[in-house]
Amino acid sequence: MLNTLSVICYHHSVFTHTDAPKPPSVSVSPSGEIMEGSSVTLTCSSDANPAANYTWYKEDRTLLQGPEGVYRLSSISSGDSGVYSCKSENQYGRINSTSLHLDVQCFMLIDSVVFV
């Protein structure tokens, strides 16, 4: 009598999908009219694998670089008005967002005294 031993080999492969960043989306919070002295948050996000790093620009001037994609303006003034954009980047590519126009409204309050 013959004894037969069968051995089944199983090879497990792990495939990691990598992607260059997709076009980033930009948002501003709060939305709508922004008054001088307010706090504003600009957010840049993009699907990428591995995760993207972000760079924020104001009219082609670099403002911030890092993995979060969030740029905060704590007490904005009319000098912060302008065109903002971000870049999403990983080792497989980089892509720029569309532009975001930030318009800071300044109002002057005048107290008036009426004499009768």
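The values are calculated or read from the model by the stated rules, or taken from the named source; none is laboratory data. Bear in mind the structure is a predicted one, so any value in this text is a computation, not a measurement. Please note: Cβ atoms are built from the backbone with ideal geometry, for glycine as well, and neighbour counts cover all protein chains shown. Quick note on the areas: whole protein, heavy atoms, side chains included, nothing else; ligands and nucleic acids left out. Shrake-Rupley method; radii C 1.70, N 1.55, O 1.52, S 1.80 Å.
Just a few scattered comments:
- Three-way shape call for segment 67-106 based on the alpha-carbon gyration tensor, with the a/c threshold at 1.5: oblate
- Measuring only protein heavy atoms, the 1.4 Å probe finds T18 accessible over about 60 Å².
- The accessible-area ordering, largest first, of the residues I34, I95 stands as I95, I34, per a 1.4 angstrom probe.
- The portion of the accessible surface of segment 30-111 made up by carbon and sulfur, rounded to a whole percent, is 46 (1.4 Å probe; DNA, RNA and ligands excluded).
- In the context of the full set of protein chains, segment 34-106 has a per residue accessible area of 55 Å² (1.4 Å probe).
- Loop-located GluC sites (Glu not before Pro) in segment 15-104 (DSSP state not H, G, I, E or B) with no more than 15 neighbouring Cβ atoms inside 10 Å: E33, E36, E59, E68.
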